Amino acid sequence: MASVTYIEHNGTEYVIDVPVGTSVMQGAVQNGVEGIVAECGGGLACATCHCYVDAAWFAKLPAASEAEVQMLDSAANDRKSNSRLSCQINVTDELDGLIVRLPEKQY
Ligand code: FES
């Protein structure tokens, strides 16, 4: 398990133990975090799992694939330098303590 903190746009905070080997998106969806929609179920085809990774953690993540970078262009909310698709972030022991902020809208 790795502890992941999800902070909704309105400030609501969830601290969730997410199983290693699943994704940051799955941790949100399976625990009722409303700011992640994940319409395509992790298929890298919707960009409704957009999140902003806390600056201290962003550099610790493997780089986004070209497909993820392209899909981020479809994100409904502003894309920032720390934008990622949460379905593409695999939870590892090293990510224990990860903090992600969620955009105002996913559509
Ligand atoms: S859930 Fe659709 S791209 Fe992440």
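Taking the criterion of being in contact with a helix residue (DSSP H, G or I) (Cβ under 8 Å, 6 or more places away or on another chain) and in a helix (DSSP H, G or I), the residues of the stretch 55-99 that qualify are Trp57, Glu68, Ser86, Cys87, Gln88, Leu95. Close Cβ contacts (under 6 Å, 6 or more residues apart or on different chains) running from residues in the stretch 37-66 that are touching a residue at least 40 places away in the same chain (Cβ under 8 Å) to residues that are open to solvent by 30 Å² or more (accessible area, probe 1.4 Å) and away from the ligand (no atom under 14 Å from the Cβ) comprise Tyr52/Lys80; Tyr52/Asn82; Tyr52/Arg101; Val53/Asn82; Asp54/Ile99.
Restricting attention to the stretch 5-56, the residues that are aliphatic (A, V, I, L, M), within 16 Å of the ligand (Cβ to nearest atom) and under 16 Å from Gln88 (Cα atoms) total 12. Checked against the criterion of being over 18 Å from Thr22 (Cβ atoms), open to solvent by less than 10 Å² (accessible area, probe 1.4 Å) and within 14 Å of the ligand (Cβ to nearest atom), the candidates Leu72, Leu85 yield just one match: Leu72. Note on the stretch 88-104: residues that are surrounded by fewer than 14 Cβ atoms within 10 Å (Cβ to Cβ) and within 16 Å of the ligand (Cβ to nearest atom) amount to 0.
Taking the criterion of being at negative phi, part of a loop (DSSP other than H, G, I, E, B) and touching a Leu at 6+ places or on another chain (Cβ under 7 Å), the residues of the stretch 2-54 that qualify are Glu8, His9, Gly35, Ile36, Cys49.
For Gln26, the conditions (1) in contact with a Pro (Cβ under 7 Å, 6 or more places away or on another chain); (2) at pLDDT 95 or above all hold with the exception of (1).
The values are calculated or read from the model by the stated rules, or taken from the named source; none is laboratory data. Worth saying up front: this structure is predicted, and the values here are computed from it rather than measured. When we count neighbours, we look across all protein chains shown, and the Cβ atoms used for this are built from the backbone with ideal geometry, even at glycine. Accessible surface is based on the protein model in full, side chains and every heavy atom, while ligands, DNA and RNA are left aside. Shrake-Rupley method; radii C 1.70, N 1.55, O 1.52, S 1.80 Å.
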